[in-house]
Amino acid sequence: MCSRSHRYGTVPYIARAWPGISFICVIMTAFLLFGCSRKTLRESEDYSTLVDTSQQIGKVTLRYGANEDDNWMDFARDVTTHELHRDVGSEYIRVWVSDPDWRESTIPLRGNEYDFANLDAFINAVIDSDAIPYILFAHSPPELRKRYSHNTNAPPDDIEEFANYVHEVMVHLDRMCRNGIWKTCDINKWYFEIWNEPWEDIWWQDSVPLYVRLYNETYRRIKEVAPQAKVGGYSLSFTNSVSREKVERLLKQCELDFISIHHYGNTLKERSSESDRMDNVKDLFYESVLRLEQFILEMAEDKQITIVNSEYSSDYRASYMLHLDEQYTAAWYASALIWQIKSMGIDLEMYYSGTSNQQHGGFGMWSKRPDGSYTSWPVFHMKKQFVAFNAYGADVYYTNSESRDIDIIAVNNAGRIFVTLVNKDEWSHTVQISVKGHHHAQMVNTADKSEMYFIGGSASSIPIGSYEVKFFEIYAL
């Protein structure tokens with residue numbers, strides 16, 4: 001088996017002793033040398049792609065957003081982050097109402113009353129960013145989880161008490177909007193997600209699972225205050241028979257406005273390499289989404305249930321955080337966005353995350369320096385341009401790539417035709433762009449620099465670097 005760190009094989013020792021085998025071994029070795037020298041081969045390879053501006057296949061139905069989590073106080077206190085969210089088109093921002101044993105509480109209990117000051121600052125920052133709050137009731141507060149105090153993801157001792165707690169939060173949020181304390185807002189337009197990743201067996205082992213019972217009671221109490229709000233949950237992957245069984249229970253036993261999913265780059269293989277995670281992108285954000293969408297249609301019949309990708313990134317391991325903000329992650333994220341648009345099955349995506357809790361980047365699009373200023377990472381620059389080009393409602397044209405390493409999407413955005421091209425490989429290539437439909441490519445803008453090409457005719461050769469994202473505007477002849 002060849003690997004990227006050991007590309008070259010050696011002639012086996014047995015070839016010296018037996019001439020009859022020597023020739024075979026030499027041939028095998030040549031094959032190994034040829035097959036494993038992937039870098040040399042790929043650097044010289046050309047890949048062909050097609051853009052057909054005469055064939056519309058749908059519209060951009062994906063709305064854009066991001067998470068704010070254990071870094072929430074930087075986000076709440078610093079208006080610079082609000083502008084950064086505007087830059088990347090965060091229409092929704094996911095707010096975590098979480099357990100103080102795991103993350104600093106946004107609703108601490110003071111005596112017998114909850115102190116909403118931190119939560120109010122958190123949500124006000126979302127509204128100030130011109131975004132809509134997406135509220136996640138992530139965990140049970142410790143005063144409602146005494147039986148499982150050692151486990152922050154454990155269920156509450158009493159489902160009804162937890163639902164009452166959520167109802168109290170909802171009443172407060174509604175009051176803040178109605179009294180004009182925040183800028184104009186209406187919680188009936190917000191999203192509410194019930195629990196974060198209830199993956200443990202305790203949630204699913206009964207005929208009517210504990211998660212189903214908690215979800216239904218909490219759903220009811222949320223709708224009492226905000227009957228038009230979008231309420232949903234699940235926040236697990238949909239990649240195997242186990243997840244399929246859980247979703248089936250939800251669809252049969254719950255009222256759902258949306259199902260939330262979390263698909264990280266290494267969801268299928270926890271120890272996967274960058275190459276493996278790139279290869280997973282289409283499976284996770286297109287094939288899996290189409291399967292889930294079809295499953296919802298089969299199980300829920302005429303119910304209107306949408307899909308929300310409420311949390312995802314190129315990796316979920318804390319040990320990989322130092323590597324998450326390389327150019328690789330920008331290419332991975334661009335590919336994930338392309339396949340979510342092409343699936344036309346996901347309504348809302350929220351990358352993990354906006355503001356990083358690490359100076360080197362962590363899981364964020366930007367991070368705070370010691371002097372209080374901010375570093376914006378490649379994912380930020382890519383997202384800013386991607387959202388501007390591939391805006392909600394744009395017409396999507398037919399495109400095709402002969403290589404799994406090259407992703408491409410073309411849209412008509414307000415009368416202007418844009419193409420996004422992603423190299424998912426660690427080596428550079430030349431991509432042949434063929435354009436059908438009385439147009440020709442003329443300008444190339446990358447996420448971090450500008451290049452100008454004049455292209456005569458309907459085909460062109462575009463060099464694209466390792467893990468690079470390029471953005472074209474195509475002009476009519």
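Worth pointing out:
- Being under 24 Å from Asn309 (Cβ atoms), in contact (Cβ under 8 Å) with a residue 40 or more places away in the chain and touching a helix residue (DSSP H, G or I) at 6+ places or on another chain (Cβ under 9 Å) is a description that does not apply to Arg213.
- Entry remark, the stretch 288-312: residues being part of a loop (DSSP other than H, G, I, E, B) and at pLDDT 95 or above number 1 in total.
- Selected residue (criterion: surrounded by the fewest Cβ atoms within 10 Å (Cβ to Cβ)) from residues of the stretch 267-313 that are among the aromatic types (Phe, Trp, Tyr) and within 27 Å of Ala229 (Cβ to Cβ): Phe295
- Test: residue in the stretch 365-386 that is among the β-branched types (Val, Ile, Thr) and in contact (Cβ under 8 Å) with a residue 60 or more places away in the chain: no
- Residues in the stretch 108-128 that are small (Gly, Ala, Ser) and either in contact (Cβ under 8 Å) with a residue 24 or more places away in the chain or closer than 15 Å to Tyr165 by Cβ (or both): Ala121, Ala125.
- Filtering Glu255, Glu248 for residues that are closer than 14 Å to Ile194 by Cβ and surrounded by fewer than 17 Cβ atoms within 10 Å (Cβ to Cβ) leaves a single hit, Glu255.
- Qualifying position, being within 29 Å of the chain's Cα centre (by Cα) and either of a type in the set (Asp, Glu) or in a helix (DSSP H, G or I) (or both), among Asp130, Asp157: Asp130
- Residue in the stretch 256-265 that is in the same structural domain as Ala336 (by TED's automatic domain parsing), among the charged types (D, E, K, R) and either in contact with an Asp or Glu (Cβ under 9 Å, 6 or more places away or on another chain) or closer than 19 Å to Tyr352 by Cα (or both) present: no
- Of all residues in the stretch 314-340, those that are surrounded by fewer than 24 Cβ atoms within 10 Å (Cβ to Cβ), touching a Phe, Trp or Tyr at 6+ places or on another chain (Cβ under 7 Å) and either at pLDDT below 95 or of a type in the set (Val, Ile, Thr) (or both) total 5.
Listed here are the residues, each with its yes/no results for (1) without any contact (Cβ under 8 Å) to a residue 24 or more places away in the chain; (2) in the same structural domain as Leu109 (by TED's automatic domain parsing); (3) of a type in the set (Val, Ile, Thr); (4) farther than 16 Å from Arg213 by Cα.
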residue: Arg147; (1), (2), (3), (4): yes, yes, no, yes
residue: Asp157; (1), (2), (3), (4): yes, yes, no, no
residue: Glu161; (1), (2), (3), (4): yes, yes, no, no
residue: Met176; (1), (2), (3), (4): no, yes, no, yes
residue: Lys183; (1), (2), (3), (4): no, yes, no, yes
residue: Asp186; (1), (2), (3), (4): yes, yes, no, yes
residue: Lys189; (1), (2), (3), (4): no, yes, no, yes
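- Meets criteria (modelled with pLDDT under 95, assigned by TED's automatic domain parsing to the domain that holds Phe75 and among the hydroxyl-bearing types (Ser, Thr, Tyr)) for Ser273: yes
- The set of residues in the stretch 243-258 being of a type in the set (A, V, I, L, M, F, W, C) and out of contact with any Ser or Thr (no Cβ under 8 Å at 6 or more places or on another chain) consists of Val247, Leu250, Leu251, Cys254, Leu256.
- Count - residues of the stretch 257-287 that are in contact with a helix residue (DSSP H, G or I) (Cβ under 9 Å, 6 or more places away or on another chain), among the small types (Gly, Ala, Ser) and part of a helix (DSSP H, G or I): 0
- The stretch 129-142 residues that are without any contact (Cβ under 8 Å) to a residue 60 or more places away in the chain, paired with ones that are assigned to a loop (DSSP other than H, G, I, E, B) and aliphatic (A, V, I, L, M) (beta carbon under 8 Å, 6 or more apart): Ser140/Ala154; Pro141/Ile107
- Flag for Phe192 being more than 25 Å from the chain's Cα centre (by Cα), crowded, with 18+ Cβ neighbours inside 10 Å and at pLDDT 95 or above: no
- Strands (runs of 3 or more DSSP E) wholly inside the stretch 341-432 containing at least 3 residues that are surrounded by fewer than 24 Cβ atoms within 10 Å (Cβ to Cβ) and hydroxyl-bearing (Ser, Thr, Tyr): 374-376, 395-401
The values are calculated or read from the model by the stated rules, or taken from the named source; none is laboratory data. Here the structure is a predicted model, which means the values were calculated and not measured. Counting neighbours? That spans all protein chains shown, and the Cβs are built from the backbone with ideal geometry, glycine included.
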